[in-house]
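The values are calculated or read from the model by the stated rules, or taken from the named source; none is laboratory data. Predicted, not measured: the structure shown is a model, and the values here were computed from it. Cβ placement follows ideal geometry from the backbone for every residue including glycine, while neighbour counts extend to all protein chains displayed. Accessible surface areas use protein heavy atoms only, side chains included; no ligands, DNA or RNA. Shrake-Rupley method; radii C 1.70, N 1.55, O 1.52, S 1.80 Å.
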Amino acid sequence: MEKSFQVLEFDKVLEILSSFASSELGKQRCLETQVYEDFSIINKELVYTSEARFLLNQFIEPPLDYILDIKKAVSDAKKGLTLSAQELVDISKVLRTSRLTKRYLERNSNEAATLAEFFDLLVDNKELEDKIYDTFDAELNIKDSASTVLKSLRNSLRDSEQNLKNEISRLLNSPSFVDNLQDTVWTTRDERVVFQVRAECKNKLGGIVHDTSASGQTFFVEPKQLVPLNNKIREVKVSILAEIQRILSELSLCVSQIAGDILTNLDNLVELDFIFARARYSLKNDFACPEILEEKKIDLKGLKNPVLMSVTNEVVENNVVE
């Protein structure tokens, strides 16, 4: 059997087929296609392809936009690990694709009754889908609206940073302070605001020395007036990170609770992508659906080599009768 597949260049046909899939997982499913031997399975798969082709021919495309490889992320969630923003958003996209595809199958159930069987296999969870979408912005940052605690902390951070800026301005407007500086441009060390102070003046300002220049002529000093303000900012930032971690952990727990449904959805979306890839391939080349008989009989007319068809329009037809 393997030798026959090689002679027929079945692997090349699968490569061509994979180019019609919408997703990388769908492409891989095409490449891993096995030859069916069961009569009922063969006929059912042909019906799937025919119904999908009919829908495509009516310009009714399936919403298979986001079939993403989220298996590892879902597995990690099941283990109790906290997922990243990207992983959670990808899971939300798969949930959305599942929901929209389920609706698509329901709307077109009259024209594609067999394909509509996938309707019952897809599980939607709009609550979790929306919860994840509403948590992140387009850059995958967690929105202030994700929790009242986070919103309060970020407001506190903005107030603290403004207080720091005000104190910096006040210091720079003080001649007695500026006279000790090497440069009036402030910088940071370990996320704390420091000033470049002349070596001989480092003890006049008070505060904390964080660094020195290579020459030893400049000390990077955090003035005592800024110490409590820098401390407050660091404290609030730590609280913000803790709240972000809590939000990510909570969403990851939600994913773990429906992990089975999510993975089942993914498998079925990949299978639908495979079916519609076959339909697109069939439609592009105007393939005919064969009639499969249980008796051993072959009567095929107008056969063309599909590999040659992918590179030229001048392909000789053949009839095969046995």
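Take residues that are surrounded by 19 or more Cβ atoms within 10 Å (Cβ to Cβ) and in contact (Cβ under 8 Å) with a residue 60 or more places away in the chain and tell me which of the helices (runs of 4 or more DSSP H) falling wholly in the stretch 1-75 contain 1 or more.
Because the criterion is at least 1 residues that are surrounded by 19 or more Cβ atoms within 10 Å (Cβ to Cβ) and in contact (Cβ under 8 Å) with a residue 60 or more places away in the chain, the helices (runs of 4 or more DSSP H) in the stretch 1-75 that meet it are 10-18, 24-31, 39-57.
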Test: residue in the stretch 266-282 that is charged (D, E, K, R), part of a helix (DSSP H, G or I), within 19 Å of ARG29 (Cα to Cα) and in contact with a Phe, Trp or Tyr (Cβ under 6 Å, 6 or more places away or on another chain) = yes
Any residue in the stretch 227-251 that's farther than 30 Å from VAL209 by Cβ and of a type in the set (Ser, Thr, Tyr): show its pairings with residues that are open to solvent by less than 20 Å² (accessible area, probe 1.4 Å) and at pLDDT below 95 at Cβ separation under 8 Å, as long as the two are six or more apart or on different chains.
-> none
Within the stretch 121-138, can you find the residues that are among the hydroxyl-bearing types (Ser, Thr, Tyr) and open to solvent by 50 Å² or more (accessible area, probe 1.4 Å)?
-> TYR133
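Please go through the stretch 76-92 and pick out each residue that is in a helix (DSSP H, G or I) and open to solvent by 50 Å² or more (accessible area, probe 1.4 Å).
Matches in the stretch 76-92: LYS78, GLN86, GLU87.
Are any residues in the stretch 103-120 in a helix (DSSP H, G or I), out of contact with any helix residue (DSSP H, G or I) (no Cβ under 6 Å at 6 or more places or on another chain) and either open to solvent by less than 10 Å² (accessible area, probe 1.4 Å) or farther than 14 Å from THR49 by Cα (or both), and if so, which ones?
Residues satisfying the conditions are ARG103, TYR104, ARG107, ASP120.
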Considering only strands (runs of 3 or more DSSP E) fully contained in the stretch 139-218, which possess at least 3 residues that are open to solvent by 40 Å² or more (accessible area, probe 1.4 Å)?
-> 181-189, 208-212
